Amino acid sequence: MKHLRFGTLGVLLAAATLGGAAAAQAAPVTVNLRVEGSTGTVYEGPVTTDAKMITTQAGGTHECDGTQGGNPTGASPGGSPTTTLDDAAIAHGFTWDGRYGVGGFDDFLVERVGSDGTVGTFGSSSWTVFVDRVAASVGGCQMRVTNGDTVLWEWAAFNEPNLELSGPAKAQVGDPVQVTVQQYDSSGNLTPADGATVAGATTDSAGHAMLIFSTPGTQHLKATQPGSIQSNAIDVCVFSAGSSACGSQPAGGAGGAIKDRLPPEAAIRGIRNRQKFRRGHGPRKLTGSAKDASGLFQVYFRLRRHSRAGCQWYSAKRSVFTRPHRHCKARFQRVGTKSPWSYLLPKRLPKGRYTLEEKALDSSFNRSLRRVSFTVLG
């Protein structure tokens, strides 16, 4: 038996015949979107998107599914950088506009987002899209996005470098912590950003800066530098000695720092252990929750299917189950740090025995693991 794949008629085994049917439309995907305007961040956060019809004032209504322009990437229909922008604009209250078919270009030309840009007018700056740090070589409706991608729409002049900020998830009041700023070009090449500013501190030639926080709380940080696109945001949980919670004071007011040894709270929702689903009613949406006072580092899920042929695990990157293996060394799939979390499978799960696990890591790498086993009847 080969990969377990998802298709237009539900979740199918690869051995099933699809005949001459057209390529299946992919399921909705969740990506990390950031929209950087001339004066600040328009939006930054997760967006769930899919193929759709898009309407703009200047361009009218057209399909946008990652295959426009003759499908230059050879993708099946699904969410794209432009559907991501449109879905975020609808959900979060900002606007965008652009013409369609300019110069025979079978796509929307994103000309204005918020107050940046004017439809029909070209200046020294324009809207450009990056996916996973790399500038798009085709239009925003001519390429697909997949789960976990990072999409950046930016208002920029030609060849301005982009900043990327990283640092610890938490820090103690009064202790120095290091953050790192890198910059990347249109090809995604990362180099240290010398002279960038983070919370009043300036990076050195290696892109490092040392920060000291004087009060507890959550610090929302971005890096800036003249002539560069400001960075992504990171949140640092700043806690007092004797407490691992952001903004909390030490209990009793005595003693030194206490190492966080408490695991995060985690739970799988919507599926009970040993639950049996009727034929055709297998679950499609996986849901759970996780929380920790000191902040989450990452939440993962792992979905395995068991049969006489062996064990298969679900790959979020490829949207398929792997080939059966005798030993089930299955990988966990990232779902981020938001709670509650959910993941939408392409189609309902078919007949089989399954194990779903959730793993949550907090900022001190304490771990919680939850597991349910269930069956989809044939």
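The values are calculated or read from the model by the stated rules, or taken from the named source; none is laboratory data. Please read these numbers as outputs of a predicted model, since none were measured by experiment. For neighbour counting, all protein chains shown are included, and Cβ atoms are generated from backbone atoms with ideal geometry for every residue, glycine included.
Screening the range 120-177 for residues that are among the hydrophobic types (A, V, I, L, M, F, W, C) and in contact with a Lys or Arg (Cβ under 7 Å, 6 or more places away or on another chain) and picking the one that is surrounded by the most Cβ atoms within 10 Å (Cβ to Cβ) gives L165.
Does S240 count as buried (at least 17 other Cβ atoms within 10 Å of the Cβ), polar (S, T, N, Q) and at pLDDT below 90? Spelling it out, S240 is indeed buried (at least 17 other Cβ atoms within 10 Å of the Cβ), polar (S, T, N, Q) and at pLDDT below 90. Residues that are of a type outside the set (A, V, I, L, M, F, W, C), surrounded by fewer than 16 Cβ atoms within 10 Å (Cβ to Cβ), modelled with pLDDT of 85 or more and farther than 22 Å from A169 by Cβ occur at least once in the range 320-334. Quick check: anything in the range 133-150 under 25 Å from the mean Cα position of the chain (by Cα), in contact (Cβ under 8 Å) with a residue 40 or more places away in the chain, under 24 Å from G59 (Cβ atoms) and not in a loop (DSSP other than H, G, I, E, B)? Yes, the range 133-150 contains at least one residue that is under 25 Å from the mean Cα position of the chain (by Cα), in contact (Cβ under 8 Å) with a residue 40 or more places away in the chain, under 24 Å from G59 (Cβ atoms) and not in a loop (DSSP other than H, G, I, E, B). A search for C-beta distances below 9 Å between a residue of the range 219-241 that is in the same structural domain as A293 (by TED's automatic domain parsing) and closer than 17 Å to S125 by Cβ and any residue that is at pLDDT below 90 and assigned to a strand (DSSP E or B), counting only pairs 6+ apart in sequence or on different chains, returns nothing. The one condition from (1) closer than 23 Å to P264 by Cα; (2) out of contact with any Lys or Arg (no Cβ under 6 Å at 6 or more places or on another chain); (3) among the aliphatic types (A, V, I, L, M) that A330 does not meet is (2).
Taking the range 325-378 as the range and being aromatic (F, W, Y) and either outside any strand (DSSP E or B) or within 28 Å of P77 (Cα to Cα) (or both) as the test, the residues that pass are F332, W341, Y343, F365.
On the stretch given as the range 246-264, residues that are surrounded by fewer than 17 Cβ atoms within 10 Å (Cβ to Cβ), within 24 Å of H220 (Cβ to Cβ) and modelled with pLDDT of 70 or more total 0.
Is at least one residue of the range 158-170 assigned to a strand (DSSP E or B) and among the small types (G, A, S)? Yes, the conditions are met somewhere in the range 158-170.
Inside the range 88-129, residues that are within 21 Å of the chain's Cα centre (by Cα), assigned to a loop (DSSP other than H, G, I, E, B) and not small (G, A, S) make up a count of 1. Within the range 217-245, being farther than 21 Å from E44 by Cα and aliphatic (A, V, I, L, M) holds for V238, A241, A245.
With respect to the conditions (1) touching an Asp or Glu at 6+ places or on another chain (Cβ under 8 Å); (2) farther than 30 Å from L361 by Cα, A169 falls short on a single one, namely (2). Does T197 fit the bill of being within 28 Å of T39 (Cβ to Cβ), modelled with pLDDT of 95 or more and surrounded by fewer than 19 Cβ atoms within 10 Å (Cβ to Cβ)? So T197 passes the test.
Among residues of the range 21-64 being within 19 Å of the chain's Cα centre (by Cα) and not in a strand (DSSP E or B), the one that is modelled with the lowest pLDDT is A26.
Within the range 177-184, the presence of a residue that is in a loop (DSSP other than H, G, I, E, B) and either of a type outside the set (V, I, T) or closer than 24 Å to G104 by Cβ (or both) is excluded. Checked against the criterion of being farther than 21 Å from T146 by Cα, hydroxyl-bearing (S, T, Y) and crowded, with 18+ Cβ neighbours inside 10 Å, the candidates S289, S307 yield just one match: S289. The test for being within 26 Å of the chain's Cα centre (by Cα), more than 28 Å from T150 (Cβ to Cβ) and aliphatic (A, V, I, L, M) does not hold for V376.
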